[in-house]
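The values are calculated or read from the model by the stated rules, or taken from the named source; none is laboratory data. Note that this is a predicted model, so its numbers are computed, not measured. Note that we place each Cβ from the backbone using ideal geometry, even for glycine, and neighbour counts take in every protein chain shown. Side chains are part of the model used for accessible areas, which takes the heavy atoms of the whole protein and leaves out ligands, DNA and RNA. Shrake-Rupley method; radii C 1.70, N 1.55, O 1.52, S 1.80 Å.
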Amino acid sequence: MKTTRRDFIKISSLGIGGLALSTSPILGWVPSFLKEDDNTPDDSTAKRYPNYCEVCFWNCAGWVYTNKDKDGNEKIWKIIGNDDDPNSNGRFCPRGTGGIGMYYDKDRLRKPLKRVTGEDGNQTFVEIEWDEAIDIVAKKMKEIKTKYGPESFALFKHGTSGKHFATLFKAYGSKNMAGPAYSQCKAPREEGFRMTFGHPLHSPEPLDIRNTRCLVLIGSHLGENMHNGQVQEMSEAIENGASIITVDPRFSTAASKSKFWLPIKPSTDIALLLAWMHVIIKEKRYDIDYVEKNTSGFEQLKNHVKNFTPEWAYGITTIKPDIIRKTAREMAAASPAVIIHPGRHATWYGDDTQRSRAIAILNALLGSWGRRGGFFNPEKAKLPKYPMPAFPKPKWSWRDIAPDKYPLAKMGVTNLLIDGSHPDKKEGHKIKAWFVVGTNLPVTIPNSKRTIEAIHNQEFIVVVDTMPSEMAGYADIVLPEATYLERYDDLRLAQHREPTIALRMPAAKPYAETRPGWKMCKDIAGKLGLSEYFNYNDYSEVLDWQLKKIGSSLDEMKEIGVMKLDRKYNDLYFHEHMEHEFETPTGKIEFYSNGMLAAGFAPMPVYTKHPEPPKGFYRLIYGRAPMHTFSRTTNNPYLMELMKENALWVNPKTAKDWGLKTGQRVWLQNHQGAVSTFSIAVRVTERIRQDSVYMVHGFGRLNKKLTKGYGAGISDTEMVTDVKIDKETGSTGMRSNFVTFLTEEPEKKEKTV
Amino acid sequence: MRYGMAIDTRKCVGCSDCVVACQTENSIPHGYTRDWISETVEGMYPNLALEIRSERCNHCDDTPCVRTCPTGSSHIIEGGIVKVTHEECIGCGACIESCPYDARYFHPEGYVDKCTFCDHRVKNGQDPACVSVCPTHCMYFGDLDDPNSEISKVVAKNKVKVLAPEAGTKPQIFYLV
């Protein structure tokens, strides 16, 4: 995060020598009255093309500007937000602004690659033509279908173009598809909220932050995670004098803006949440009318939290009882304009659905769901589906890999597909081949050793990406994708206060021989006899067809980029005089959940004690930096300048114990013996608890083809081998690992791909 | 007319969008920048304070950079914006030495470069790129001579500070604290 002027100066001073030789001071001199301004760009003469961002899942809509370079060629110049876009309000975050780095990255994939084994037994990639690549993929898909059935081919996907591949797979006969956005991120939150309110939150989360009086962040580091609209609204809330309560073992940026910072002992959040409920119920500070009208199981909850006093929680969380009381009263005073933020990356300790339930219940006690300054009711635009035949019905799906597990999971569980792909899967349904689109599994799924064992057990792997990711290193065939700046995709129909439609269109021709995902799918489908599912020549035809059905057109959207629609219903907030029907079994917000009980889980959240770091070890916490999105940006030429590698945050007392200094490089070893491939620079800082260390996720890239990202810092995923599975949803708890410092480089084999 | 900037450190999250927006808007080569983020942490765990600032040329009233420039390439245009005429600059570096804010750098094409307040945008009625992009709306740009401008009101209403006041350069970027 820290960008110091000195770093840049150091680099720029290298240029001095060259400069003195290349200019002639005398000839360069002009009288000041003749001074002309330098050639400067001008928005009014530049061309602009609408797009929505693909550097993260927030998908902000904006404009891609092009202008002419010195040689007169039209080039992508900059990206700025679209004022009509509710996700960005016309202001992109650094990643969106730096999205042009995805286009200009010199390490991009250029041409399809095929794995070949030489006479010496060494495997290498060779460049092949698209026709050959498509032929091989289609032939293998046919072969797998004949040998094992289409269900044995799994699709891992992330991002917008994943939708084209999902269509291909459904047409082919496999519903075995999953993405880390669920089981490595939102699953416990979505299902915890579904079990409470009957409704998951989706994205962007419908939080009325700009109108809130009190925002409670639990492990959510808004501002470091640049969930754009939310960061903007947090700023508005600060301006309006709202109070912020941040619960985080680290003094995050958000903590520094907070009235209260609660540096909680990691893994004890549920105890704090229960104590807050205790105070709010005991002191009758909950929204009595709301609770009476809208909830079920209040008496059971009251009884449940009776003994969870702040004094009880103090011993667990290390947060003082009077701070627990003060913060409970602070949020209750703001009720119903209060938000206990549901978070997004919620896969921490393996009891994450329960923690999400606790957060949901606390919100319900304070009456914030459906209220101004709490949770609003979002609306999403609907478009008619482009005609295609019905999909065949697969014989089995991801759920059948372990039918008795994870009953609350509502979407494909990535790690379950990996379980089905692993050599230790002896019985039942097995996965035999992978299609991986825009997701970097070895860096994303914890316990990468197991992922790689599953990879080696596959008969065939296709990877679609724009970059030589670690995953691409394991592919049999690599299909190079055009970036979002060079292609059409589906219209974005994001939920928000008002529904909108946003267009993505190319601002430049696809780089080298890259192609858009839809084109790959259409060509593969052609070879599989599935052309009727891709009945168009160019994806723009699909968009124009859909837009014309609602009285617009592609041409209109090219002019405006974002179309704002009116809400169908006037129900952004609850109407106080009306009864509300929730989509739960009782029709009410469920404090007590019979559904949870029937599925074999606690009907109300309970605190479970988790392992603590052994002596000499520290809990590894990871998170985000505002200029990076996981491993997606850790080679981006613009964003890497802002943060070239991650650093290890270490409390001064810990540093003293180990004799560590800021800038010193260390290697890490976790409590199960996993050793980091690379080293990381220590950052000694008061901003973290003594029992924890922190690093930004997505660094320590292993693929040598990534000239900026390779070996820059440590991959936190590498250090996460002890995974705590959330039994409700199957998602992977990853804050459950402890590391110690190795101050000398450990001996080991190079582990690069 | 006196252009200036006010930056609300209470809202800034240090995301560095101002840095990238400046780099793309002004086609700054990789490895160089006209603006940057600074952080100051004070206190001891758990009683801490963090200040995050977006920094750049302060477009000072009293400009050692312009005074020390031997060719006149460093100059002041309407509204007090300090600029460098690239064609006239001999890259002697005197201005870089004289600046208390480290706000200037050697451009690899052979001249000294710095923040222009995006005067090419300002003359069209637009905000500088950094201001227009900031997701937290923590930056204000405008005419400090006009008491009714947003920036004048913001500066008047809030507790503000400037950086390195001891240098005596009368900087025109105000930080809300």
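Taking a ≥ b ≥ c as the square roots of the Cα gyration tensor eigenvalues, with a/c under 1.5 meaning rounded and otherwise prolate when a/b beats b/c, else oblate, which class fits region A:501-637? Cα axes put region A:501-637 in the oblate bin. Ordered from longest to shortest, the equivalent ellipsoid semi-axes for region A:607-753 are 23, 20, 16 Å, each the square root of 5 times a Cα gyration tensor eigenvalue. Across peptide B:41-48, the mean count of Cβ atoms from other chains lying within 10 Å of each residue's own Cβ comes to 5. For the protein assembly as shown, what % of the accessible area comes from carbon and sulfur atoms, probe 1.4 Å? Here it works out to 51 percent.
Averaged over its residues, how many other protein chain Cβ atoms are within 10 Å of peptide B:137-144's Cβ atoms?
On the way: counts 6, 3, 0, 0, 0, 0, 0, 0.
Taking the mean over all residues of the peptide, I get 1.
Set the Cα radius of gyration of region A:364-500 against 2.2 N^0.38 Å, with N its number of residues, and you get 1.39.
What the Cα convex hull of chain A gives, in volume per residue, is 195 Å³.
Holding the Cα-Cα limit at 32 Å, pick out from A:Lys163/A:Lys564; A:Lys47/A:Lys186; A:Lys259/A:Lys609; A:Lys385/A:Lys405; A:Lys306/A:Lys380 the pairs that are longer than that.
On the way: A:Lys163/A:Lys564 23 Å; A:Lys47/A:Lys186 38 Å; A:Lys259/A:Lys609 29 Å; A:Lys385/A:Lys405 34 Å; A:Lys306/A:Lys380 41 Å.
The answer is A:Lys47/A:Lys186; A:Lys385/A:Lys405; A:Lys306/A:Lys380.
Amide H to amide H distances under 5 Å link A:Ile589 with A:Thr295, A:Ser296, where only residues 5 or more positions off or on other chains count and H is placed in the peptide plane.
Unpaired Cys in chain B, meaning no second Cys C-beta under 4.7 Å: B:Cys15, B:Cys22, B:Cys60, B:Cys69, B:Cys89, B:Cys92, B:Cys99, B:Cys118, B:Cys134. Region B:128-177 and region A:513-582 have Cα centres separated by 43 Å.
When only the Cβ of Lys, Arg, Asp and Glu is charged (+1, +1, -1, -1), the dipole of region B:3-176 relative to its Cα centre reaches about 340 debye.
Among A:His345, A:Asn303, A:Gly373, whose Cα sits farthest toward the positive end of the charge dipole of region A:241-399 (+1 at Cβ of Lys/Arg, -1 at Cβ of Asp/Glu, about the Cα centre)? After comparing all options, I get A:His345.
When each of the peptides A:551-561, A:635-645 is scored by the mean number of other C-beta atoms lying within 10 Å of its residues, the order from highest to lowest reads A:635-645, A:551-561.
Buried surface between chains B and A: roughly 5500 Å² of accessible area, summed over both sides, computed with a 1.4 Å probe on protein heavy atoms only.
Any idea which of B:Asn58, B:Pro135, B:Tyr45 is furthest toward the positive side of the dipole for chain B, if Lys and Arg beta-carbons carry +1 and Asp and Glu beta-carbons -1? Comparing the listed Cα positions along the dipole, B:Tyr45 ranks first. Peptide A:88-99 has a mean shielding of 6, counted as Cβ atoms of other protein chains within 10 Å of each residue's Cβ. For region A:229-306, a/c is not less than 1.5, where a ≥ b ≥ c are the root eigenvalues of the C-alpha gyration tensor, and a/b does not top b/c. That puts it in the oblate class.
Please sort A:332-342, A:584-594, A:694-704 by packing, taking for each peptide the average over its residues of neighbouring beta carbons within 10 angstrom, highest first. Show your work: numbers first, answer last.
Values: A:332-342: 22.5, A:584-594: 19.9, A:694-704: 24.3.
Final packing ranking: A:694-704, A:332-342, A:584-594.
Considering only B:Thr9, B:Val19, B:Pro165, the residue lying farthest towards the positive end of the dipole of region B:3-176 is B:Thr9, judged by Cα position with unit charges set on Cβ. Greater than 27 Å separation of Cα atoms is the criterion. Which listed pairs, A:Lys147/A:Lys527; A:Lys549/A:Lys588; A:Lys410/A:Lys527, meet it? Going by Cα-Cα distance, A:Lys549/A:Lys588; A:Lys410/A:Lys527 fall outside the 27 Å limit.
Peptide packing: for A:488-501, A:603-616, the average count of neighbouring Cβ atoms within 10 Å per residue gives the ranking A:488-501, A:603-616, highest mean first. The magnitude of the dipole of chain A, with charges of +1 and -1 set on the Cβ of Lys/Arg and Asp/Glu and taken from the Cα centre, is near 1200 debye. For region B:47-67, the residues whose amide N sits under 17 Å from a probe point set 7 Å from the Cα of B:Arg2 along the beta carbon direction are B:58-64.
Computed over the alpha-carbon atoms, region B:3-176 gives an Rg to Rh ratio of 0.96, Rh here being the Kirkwood radius from the mean inverse distance. With the biggest extent put first, the Cα atoms of region A:123-237 measure 59, 35, 24 Å across the principal axes.
Estimated at 0.36 nm per residue, the fully extended path between A:Ala402 and A:Glu143 surpasses their Cα-Cα distance by 90.7 nm.
Taking the Cα centre of region A:39-103 as reference, the dipole from Cβ charges on Lys and Arg (+1) and Asp and Glu (-1) amounts to some 160 debye.
Sorted from longest to shortest, the spans of the Cα atoms of region B:119-177 along the three principal axes equal 34, 25, 23 Å.
For the residues A:Thr318, A:Thr97, a 1.4 Å probe over the protein chains yields an accessible-area ranking, largest first, of A:Thr318, A:Thr97. Figure legend: label point modelled 7 angstrom from the Cα of A:Lys568 along Cα→Cβ; residues of region A:496-512 with amide N under 15 Å from it are A:496, A:498-501.
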